[in-house]
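Beneath this line is the structure, given in structure tokens, with notes to follow.
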Amino acid sequence: MSNSRAKSISSNESHDWDSIREIFATLYVTEDRPLREVRAILAEKYGFNATERMYKRRINHWQLDKNNKEEEMQFLAQKSAERAAIGKRSAFRVRNREITQAALDHYFKRKKISRVGSKRGSSAGVSTPPHILCYTPPDTPTPETSDSSSPDFAPSDTPSTGSDELVVIETSPSSTALQLARHRPPDERYWLPGSPNQLQPPAQFKSMEILLSATQDFFLSTLGATDGVDAYHVTKQAISWNMRKFYVLANSVATYMSEGSWKEAQKAYGEALEHVGPILRDRNPILFVCLLQICCKFLKDGQLPALRPLLQLIRGMAAHVHSVSHSMHILCGTLLESMDMLADMMTIGLYQAVDILKVRLGIEHPQTCAAGRGLHTILMTSHDYAGALKAFQPVADIESRLANAMRLESRFRVIGSLIAMGNLHEAGILIEEAQTMVDALEDPEQKAQLTLGALSTRGEWLRLNRDPRAIAVLSEAFEFAKEHTWLHNGSWSLNARKALRLAKSSLISDAPLVPFIYWF
């Protein structure tokens, strides 16, 4: 958060409590810090001074009390009993704190009181208080019981698509649920229709409501870092950066599994897990975009069964490193419950991330641009190529002014969108311009990565033009990828091989050609 923002909420004289409400709720409830520590942070960092007694009155006014009240616990017990009668498990969030069934049982045992709620009949006519959320918890191992070793990957357990056809995701960014969330003002809470009136939304809206709330909580907690919001790593993308290592390794798991390379997938999965703890402790806003782009890769490669244990592990580690009320714990749980509508969920989350970062950091900040790249990725996966180009164009315009490799990466995203849309003429012009820039690169790492991107892009453009030269170009890309196995943990060589197979089959088939774009 900027210094100007910090100064604007300093309120020694008037005590403008509304200005610190969200920050206080994040520190006191979401991060479960003691009141004395929260007071010290708000006084030192934001210049907001108030007595402990004043804070306690405000906590009661805002209904942020962390103590469990008997009438609330009785309500939860009754709701849990009703759901159990129809075969549903239950978990709750009360004032943004998670209460599991085990915690509920422990409360009554410790207090030595009876559950009178279950004796009063149904609560169907009683509306759920706005600060209480009831949901079905996913089957997720706890940090104490989760197995951190790699799952057994086998063809029978994790089916691949078994063909060179791209996986078609039946979703549309113009869906009703997506439109409802996309046009919310970025400076307001992202509640879906129904919440203000305490209505019970359909199941898919409830999942989106939790996702949007967790997304906002995540950015509220990470954008207030005392040492500033990370821009250096996001721009440089060094190989040694933990976030990049995790991203590359996790993405390579999906690629290896889609090509049936089970041994390599299991090795990459085990290495990826080693970076989960460090990236959760880093409190870097780009973690949100990184996680959703990984989910997008598994979705695109048809490997959702393998994504589930990875999300379960991250969820468990978030509870272990932070708490069960941490936004990343809640986010992963929501994604686990929404695998059948994952594309829409990720699109909504990334639209919201872009909106929040624009407001908090500005449109040109590297974190905002990174969220724009993530949004472009999921829209391309959902086959909304025009929407992807429209959403990404502002980022491409900003990064075109940079004197680093990011402008080339953006250029290839634009070219990929044009190719997928069938605008091969304009794409061909940009390919020639991009090749000139690649040739001028001096950094060996950047040049290797973007050389492969240039070869792959040109080869796919030729293939879709049904030009026989595509085989020679894509053969060169395949050989280049095999020589540079460090690129994306060797997984790009598998993608390059698949692109070459597609080129060979395209020359002997009159069937419509489906774009195959893998280099972002």
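Show the residue pairs meeting these rules: Cβ distance below 8 Å; 6+ apart or different chains; first residue within the stretch 479-491 and outside any helix (DSSP H, G or I); second residue open to solvent by less than 40 Å² (accessible area, probe 1.4 Å) and among the aliphatic types (A, V, I, L, M).
Matching pairs, first to second residue: 484/448; 484/452.
If you go through the stretch 272-284 one residue at a time, how many are over 16 Å from the mean Cα position of the chain (by Cα) and over 17 Å from residue 307 (Cβ atoms)? Outline the logic, then answer.
Applying the first criterion (over 16 Å from the mean Cα position of the chain (by Cα)) to the stretch 272-284 yields 272-275, 277-278, 281.
Filter once more, so that each one left must be over 17 Å from residue 307 (Cβ atoms): 274, 277-278, 281.
Qualifying residue count, the stretch 272-284: 4.
Would it be correct to say that residue 354 is in a helix (DSSP H, G or I), buried (at least 20 other Cβ atoms within 10 Å of the Cβ) and among the β-branched types (Val, Ile, Thr)? Can you show your working first?
Details: in a helix (DSSP H, G or I): yes; buried (at least 20 other Cβ atoms within 10 Å of the Cβ): yes; among the β-branched types (Val, Ile, Thr): yes.
The answer is yes for residue 354.
Just to be sure, is residue 424 open to solvent by 20 Å² or more (accessible area, probe 1.4 Å) and not basic (Lys, Arg)? Explain how you work it out, then say what you get.
Values: open to solvent by 20 Å² or more (accessible area, probe 1.4 Å): yes; not basic (Lys, Arg): yes.
So residue 424 fits the description; yes.
Could you look through the stretch 431-464, keep only residues that are open to solvent by 40 Å² or more (accessible area, probe 1.4 Å) and basic (Lys, Arg), and pick out the one that is farthest from residue 405 (Cα to Cα)?
458
Step by step: first the residues of the stretch 465-492, then only those that are hydroxyl-bearing (Ser, Thr, Tyr) and farther than 13 Å from residue 448 by Cβ, then the one that is surrounded by the fewest Cβ atoms within 10 Å (Cβ to Cβ). Which residue is that? Reasoning before the result, please.
Here is the first cut: in the stretch 465-492, the ones hydroxyl-bearing (Ser, Thr, Tyr) are 475, 485, 491.
From what is left, the residues that are farther than 13 Å from residue 448 by Cβ are 475, 491.
Working: 475: 18, 491: 27.
So the residue we want is 475.
When you go through 341, 346 one by one, which is the residue that is surrounded by 22 or more Cβ atoms within 10 Å (Cβ to Cβ), more than 30 Å from residue 439 (Cβ to Cβ) and not basic (Lys, Arg)? Please lay out each step first, then the result.
Numbers: 341 fails: surrounded by 22 or more Cβ atoms within 10 Å (Cβ to Cβ).
Just a single option satisfies the conditions, and that option is 346.
Considering only residues that are open to solvent by less than 30 Å² (accessible area, probe 1.4 Å) and closer than 13 Å to residue 224 by Cα, look in the stretch 26-52 and name the one that is modelled with the highest pLDDT.
Looking only at the stretch 26-52, we keep the residues that are open to solvent by less than 30 Å² (accessible area, probe 1.4 Å), and these are 26-30, 35, 38, 42, 46-48, 50.
Filter once more, so that each one left must be closer than 13 Å to residue 224 by Cα: 26-27, 42, 46.
Values: 26: 72, 27: 78, 42: 83, 46: 73.
Here the answer is 42.
Please list, ordered by residue number, the helices (runs of 4 or more DSSP H) wholly in the stretch 369-472 having 1 or more residues that are more than 30 Å from the chain's Cα centre (by Cα).
On the way: elements: 385-399, 406-421, 424-439, 444-464.
Qualifying helices (runs of 4 or more DSSP H): 424-439, 444-464.
Scanning for something in contact with a helix residue (DSSP H, G or I) (Cβ under 9 Å, 6 or more places away or on another chain), under 15 Å from residue 427 (Cα atoms) and of a type in the set (Asp, Glu), does the stretch 397-411 turn up at least one residue?
So far as the stretch 397-411 goes, yes, one or more of its residues are in contact with a helix residue (DSSP H, G or I) (Cβ under 9 Å, 6 or more places away or on another chain), under 15 Å from residue 427 (Cα atoms) and of a type in the set (Asp, Glu).
Could you list all residues from the stretch 250-269 that are in contact with a helix residue (DSSP H, G or I) (Cβ under 9 Å, 6 or more places away or on another chain) and open to solvent by 20 Å² or more (accessible area, probe 1.4 Å)?
Here is the first cut: in the stretch 250-269, the ones in contact with a helix residue (DSSP H, G or I) (Cβ under 9 Å, 6 or more places away or on another chain) are 250-259, 261-269.
Scanning the stretch 250-269 gives 256, 258, 259, 261, 262, 263, 264, 266, 267.
Residues to consider are 401, 407, 360, 411; find the one that is basic (Lys, Arg), farther than 25 Å from residue 92 by Cβ and either surrounded by 24 or more Cβ atoms within 10 Å (Cβ to Cβ) or without any contact (Cβ under 8 Å) to a residue 24 or more places away in the chain (or both). Steps first, answer last, please.
Working: 407 fails: either surrounded by 24 or more Cβ atoms within 10 Å (Cβ to Cβ) or without any contact (Cβ under 8 Å) to a residue 24 or more places away in the chain (or both); 360 fails: either surrounded by 24 or more Cβ atoms within 10 Å (Cβ to Cβ) or without any contact (Cβ under 8 Å) to a residue 24 or more places away in the chain (or both); 411 fails: either surrounded by 24 or more Cβ atoms within 10 Å (Cβ to Cβ) or without any contact (Cβ under 8 Å) to a residue 24 or more places away in the chain (or both).
From the options 401, 407, 360, 411, the qualifying one is 401.
Within the set of pairs 6+ apart or on separate chains, which have a first residue in the stretch 241-264 that is farther than 20 Å from residue 291 by Cβ, a second that is not in a helix (DSSP H, G or I), and C-beta atoms under 8 Å apart?
259/160; 260/155; 260/160; 262/153; 262/154; 262/155
The values are calculated or read from the model by the stated rules, or taken from the named source; none is laboratory data. As the structure is a prediction and not an experimental result, all values here were calculated from the model. Cβ: placed from backbone, ideal geometry, glycine included. Neighbour counts: every protein chain shown. To get the accessible areas, we keep the full protein, side chains included, count just its heavy atoms, and leave off ligands, DNA and RNA. Shrake-Rupley method; radii C 1.70, N 1.55, O 1.52, S 1.80 Å.
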